[in-house]
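Notes follow the structure.
The values are calculated or read from the model by the stated rules, or taken from the named source; none is laboratory data. Just so it is clear, the structure is predicted and the values come from calculations on it, not from any experiment. A quick note on method: Cβ atoms are made from the backbone with ideal geometry, for glycine too, and the neighbour counts reach across all protein chains shown. Note: accessible area is taken over every heavy atom of the protein model, side chains too, but ligands, DNA and RNA are not part of it. Shrake-Rupley method; radii C 1.70, N 1.55, O 1.52, S 1.80 Å.
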Amino acid sequence: MADQDEDDLRMALRMSLQPSPPEAKRSKPRENAVISTVSSSQEESPEAKTRKLQRELMAAAAEKRMMMMGKSPVVAKPEKNIPVSMAEKSSSSVALDKTPTAARAEKSAVIEKVDAVSQGEVGKDLNFGEELSLKDADQLFTMVFGNCVSRDILSQWSNQGIRFSSDPETSMGLVQHEGGPCGVLATIQAFLLKYLLFFPDELGKNTANLPSQNFGPSRYSQSESVTLGNFASLTEDGKARALVRSMVDILFLCGSKRRAVIATLNVLNNFPEGSEDDQKDEIIAKALQGLSIESASDLVKVLRVNTYTSQMSACHELKALLPVFQSRLGALLFLISALLSRGLEAVQADRDDPNLPLVTAPFGHASQEIVNLLLCGKAVPNVFDGRMDLGGGMFLKGIPTNVEVGFLTLLESLNFCKVGQNLKCPKYPIWVIGSESHYTVLFALDTSVQDENELEERESQIRKAFDAQDQSGGGGFISEEGLHQVLRETSVHLPQEKLNHLCSMGFIVWNEFWQVLLDLDKSLGGLKDSTGLMGKKLFDLYHFNGIAKSVLNGSQGMSGGESPMQRPRLSKLRVSVPPRWTPEEFMADVAGPPNLAGDGSSGKDTVIEVTQPEPPQHAPLVDCVRTRWPRAICNWVGDPPSIV
């Protein structure tokens with residue numbers, strides 16, 4: 001009986017696939033052809049219509065049954081650039097549940113949609129994606145904003161696109177107009193700079209040709225204009241390619257390098273083929289009029305998601321959807337994409353306290369968990385390496401592995417936290433900078449700033465061993481037992497009197513321990529240097545603040561009645577790392593500019609004159625830089641760089 005059923009199914013399928021008489025060639029416009037087709041169909045007899053419809057329904061049933069039996073017929077592969085919508089995928093499975101009239105109407109709608117694609121009447125973005133369930137949408141909205149969120153915070157996150165600055169001097173940067181999403185924008189900016197600075201040759205190629213994971217940065221790969229800090233020569237196409245790759249990198253990082261979920265809006269999927277960017281912006285702005293996301297039900301109505309396991313496919317899709325992410329909902333959509341790429345349950349498992357919202361009240365800033373998710377792929381709340389065991393089966397979660405772009409924070413200079421080496425020493429010399437209320441980006445054009453000299457290598461080794469024994473949460477002190485463990489791991493042999501002095505208080509502070517090591521001979525594992533030059537460095541850093549502020553119009557000056565322009569800021573810092581940092585030098589730097597003339601009465605002025613050729617300048621950013629290079633002295637031209 002089963003064989004008979006299968007034969008009947010195959011017969012029905014063959015009947016439905018019988019070719020219809022060839023259509024006569026037409027030279028008339030498409031509208032006339034449609035009228036002609038309708039009039040000819042009216043001449044068919046009722047019996048012919050019934051037989052035709054019966055064949056279609058039997059074929060649909062045959063396809064459904066054969067798919068269930070695992071014996072689907074061979075069909076042509078769909079075009080790569082014409083994704084099949086969810087409605088099209090399910091049309092055959094529901095055909096038997098519809099009336100003949102409804103079935104005919106649905107099939108006609110599908111044919112018209114495919115024909116529209118072939119004629120270029122609808123854009124290439126037909127992949128509407130899947131809706132979120134109300135349960136997932138509720139969990140997502142509550143995770144991000146909490147149960148009680150103000151309209152001001154929702155407005156901040158609903159009015160920030162991912163767009164480049166129109167100012168030539170900061171054209172490589174993403175501009176921020178609203179407070180709140182700066183953590184998302186700064187992290188994308190950091191990955192964006194990775195491509196602009198270290199893979200510029202790749203930006204002229206197809207987005208499918210992604211650089212290998214083992215592709216190291218080329219120190220001299222930058223163009224001459226970029227090397228000089230002039231980003232005005234970057235092309236719009238090159239910047240767009242870099243942006244797409246950066247966003248895909250982050251999403252696959254969140255998806256454990258196995259998948260990326262891209263969230264978009266169902267009202268923004270159709271663009272006329274060949275539309276210019278200005279036309280797309282106008283279409284999007286019109287579609288977004290009156291649209292607001294204020295609850296989980298709003299997410300269900302407008303949000304659509306697609307999952308990709310291939311970076312090539314994700315790049316093609318994201319490139320097509322770039323105008324959507326440039327719209328006023330772009331930053332929010334990217335955050336949602338990152339959370340869904342990681343998985344909502346996995347995000348909650350990453351966190352120490354999953355009950356708190358990811359967007360913090362009362363100002364709507366991105367939490368450290370959001371920044372860490374985009375930097376390392378996990379929404380952990382802390383910035384130290386690995387995890388900290390609190391005993392009793394309790395522990396705090398930090399950064400598990402080394403990252404491509406790093407993170408520094410002003411809060412470390414205030415002893416509120418301790419950033420680990422995974423974030424301080426990233427693969428590329430690019431760091432997201434955190435302050436109390438804003439995120440910016442610090443970067444270098446040359447990877448050599450990451451190279452460690454003899455002093456830094458030894459300091460890193462000893463500091464890592466010291467931090468492993470620090471159970472204070474980054475306070476910078478350890479127990480006597482911890483000190484003995486550090487000395488064993490780093491092969492440091494302290495004289496008994498120095499050891500007794502360090503242990504006299506019952507705990508050991510890093511600064512005191514470090515000073516002892518600087519005065520300890522190398523043969524004993526110390527860092528005493530008779531030349532006084534070990535560790536000297538000189539290099540340039542650049543700081544980008546994406547928030548648009550009123551500043552003078554570059555170097556062109558201002559005319560009498562002209563008002564300052566609104567643009568981001570790009571500042572250059574000259575950084576000098578002196579060879580030593582003694583308490584006397586520390587006090588001289590804090591007290592103010594040194595007396596370069598000197599009176600010759602002490603050797604201290606001689607040392608300062610060598611290591612500090614220019615009076616040091618101070619701003620909160622300098623405190624951030626010193627968490628990475630503890631003895632750094634910074635200078636700049638013009639206004640101090642701002643991290644707020």
*Selection from segment 615-632 of residues that are touching a Cys at 6+ places or on another chain (Cβ under 9 Å) and open to solvent by less than 10 Å² (accessible area, probe 1.4 Å)*: ALA619, LEU621, VAL622, VAL625
*Of these, VAL432, VAL419, VAL449, VAL441, which one is among the hydrophobic types (A, V, I, L, M, F, W, C) and assigned to a loop (DSSP other than H, G, I, E, B)?*
VAL419
*Under 7 Å by Cβ, and 6 or more places apart or on different chains, what pairs join a residue from segment 311-324 that is in a helix (DSSP H, G or I) with one that is open to solvent by 50 Å² or more (accessible area, probe 1.4 Å) and not small (Gly, Ala, Ser)?*
ALA320/LYS124; PRO323/ASP277
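Would you check which residues across segment 170-211 are at pLDDT below 60 and open to solvent by less than 70 Å² (accessible area, probe 1.4 Å) and list them? Step through it out loud before you land on a result.
Step one: list which residues in segment 170-211 are at pLDDT below 60, which gives 205-211.
THR207, ALA208, LEU210, PRO211 - these are the residues of segment 170-211 that are at pLDDT below 60 and open to solvent by less than 70 Å² (accessible area, probe 1.4 Å).
Got a number for residues in segment 475-518 being in a helix (DSSP H, G or I), among the β-branched types (Val, Ile, Thr) and more than 41 Å from the chain's Cα centre (by Cα)? Outline the logic, then answer.
In the first step, residues of segment 475-518 are kept if they are in a helix (DSSP H, G or I); the result is 480-490, 496-505, 510-518.
Then keep just the ones that are among the β-branched types (Val, Ile, Thr); that gives 486, 490, 516.
Right, trim to more than 41 Å from the chain's Cα centre (by Cα) and you get 516.
The qualifying residues number 1.
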*Only one of (1) in contact with a helix residue (DSSP H, G or I) (Cβ under 6 Å, 6 or more places away or on another chain); (2) surrounded by 23 or more Cβ atoms within 10 Å (Cβ to Cβ) fails for LYS319. Which number is that?*
(2)
*Considering (1) in contact with a helix residue (DSSP H, G or I) (Cβ under 9 Å, 6 or more places away or on another chain); (2) assigned to a loop (DSSP other than H, G, I, E, B), say which one PHE407 fails and leave the rest.*
(2)
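Assigned to a helix (DSSP H, G or I), among the charged types (D, E, K, R) and open to solvent by 20 Å² or more (accessible area, probe 1.4 Å): does that describe LYS427?
no
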*Qualifying positions in segment 131-169 - among the polar types (S, T, N, Q), open to solvent by less than 20 Å² (accessible area, probe 1.4 Å) and touching a helix residue (DSSP H, G or I) at 6+ places or on another chain (Cβ under 7 Å)*: SER158, GLN160
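Restricted to segment 278-292, and to residues that are among the charged types (D, E, K, R) and exposed (fewer than 15 other Cβ atoms within 10 Å of the Cβ), which residue is nearest to ASN266 (Cα to Cα)?
Per the stated criteria, the residue is LYS286.
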*If you scan segment 376-403, which residues turn out to be touching a residue at least 40 places away in the same chain (Cβ under 8 Å), in contact with a helix residue (DSSP H, G or I) (Cβ under 7 Å, 6 or more places away or on another chain) and open to solvent by 50 Å² or more (accessible area, probe 1.4 Å)?*
ASP385
_In segment 127-186, the residues that are among the small types (Gly, Ala, Ser), in contact (Cβ under 8 Å) with a residue 60 or more places away in the chain and not in a loop (DSSP other than H, G, I, E, B)_ = ALA137, GLY183, ALA186
_Search result, residues across segment 131-189 that are among the charged types (D, E, K, R) and in contact with a Ser or Thr (Cβ under 8 Å, 6 or more places away or on another chain)_ = GLU178
